[in-house]
1. Counting DSSP beta bridges with both partners in the chain, what percentage is antiparallel, nearest 5?
2. For a quick protection proxy, order the peptides 65-71, 402-408 by their average other-Cβ count within 10 Å, most packed first.
3. For the range 5-252, what is the per residue volume of the convex hull drawn over the alpha-carbon atoms, in cubic angstrom?
4. Return the percentage of antiparallel bridges among DSSP beta bridges fully within the range 5-252, rounded to the nearest 5 %.
5. With contacts defined as alpha carbon pairs under 8 Å and 6 or more residues apart, what's the relative contact order of the range 5-252 in percent?
6. With a 10 Å Cβ neighbour count serving as the proxy for reagent exposure, in which order, fewest first, do 232, 304 appear?
7. Given a cut-off of under 8 Å on Cα pairs at least six residues apart, what relative contact order in percent is computed for the chain?
8. Relative to the present Cα-Cα distance, how much length would full extension add between residue 186 and residue 32 at 0.36 nm per residue of separation?
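Read-outs throughout are calculated quantities, based only on the coordinates presented, and are distinct from any laboratory measurement. Computed from a predicted model, the values in this text were never measured in an experiment. Neighbour counts run over all protein chains shown; Cβ positions are idealised from the backbone, glycine included.
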């Protein structure tokens, strides 16, 4: 049979996959999540086709692929519409998906520009773009692919959509799949008829989980993300358990390497204080650290003295959170607090570091992890500050843990930020915006061509 290309998606495409991008495990561990790189290791896959709905996971995927000597072929799956400026239900109804692959480093830079445009200029419930805008970004370093599901062919055939693509500037490839869903055979004929003697067809298989037995976990995850139920998920393709690497192996004859289970000796629990910072730079670039008790105490005292600032969303209740981020930046990376330097600088930026003014933005969270798809944000309630650089933290004051999510120069922030309106529902997490604000994804920020901040402490 023809080559069948496995096309992976990770948890960075929110609600679409239960696979992570973690490095492969040395031993079999039934309790932990399966990783795309676990599967590549187990099946000896040396070319990884990874298609995501955003750019957040690229850095982790690239870093791990490089270390494992795996060729990463990264594609961005975007919503296309007739006119990105038409932010109406009619425009939304006639939308569909395409995939843009980066052929090389130059192509990756174009993907960043394309996604930024779609997230800023075309955003309506989700990032969107039209072909007129895409043409302005298009170079020979990119490849356009038409997915089997959610394409213009699929939507035109099975919905009331009238989707009209423009392929005048490039030659797309078309994906063809067979996952034993009700409409697969019919769609295969539609794709073959449309592409006859015109476009190249590639046989692919979408991979969202490792084994067929993982389908129930995947279905539960999809239902939770879509706010439906397992009994009535109302999701396309949920009648099939074929979106697994196990199914791909069965079709291609590939073998899955079985790892030995890890033997763990149970050790008595140790009691430790909350006084060691212990910063660790994770594979995705985020720095995780502990928050010492004395930092919380100092932040609380300074927060009370500061009082309520004009434009404060939380009316002064967020002062402790802000000071925790400000103190932890200095402990982990260095710098001098402007409280100690001069009151003149205080309201322009928070910390002087490397002869520049750094503004420290910190969010409180109840979660115990941070993803590259999380947002860094600055409220529109206050006048835009003229800092040299802005850095973003998240802290969980209950668990005493924190995360550094990246930094941007003033120009980088102004160029790459996107607007979110008060009351708008964030499609990545379902949360309502508290106020008008500008945002940028941690993944996009960490992907900026900036020097990495050096960690100067481990205590």
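1. Looking only at bridges with both residues in the chain, the antiparallel portion is about 55 percent.
2. 402-408, 65-71
3. Per-residue hull volume (Cα only) is 132 Å³.
4. 30
5. 19
6. Ranked by crowding around the Cβ, least crowded first: 232, 304.
7. 13
8. 51.6 nm
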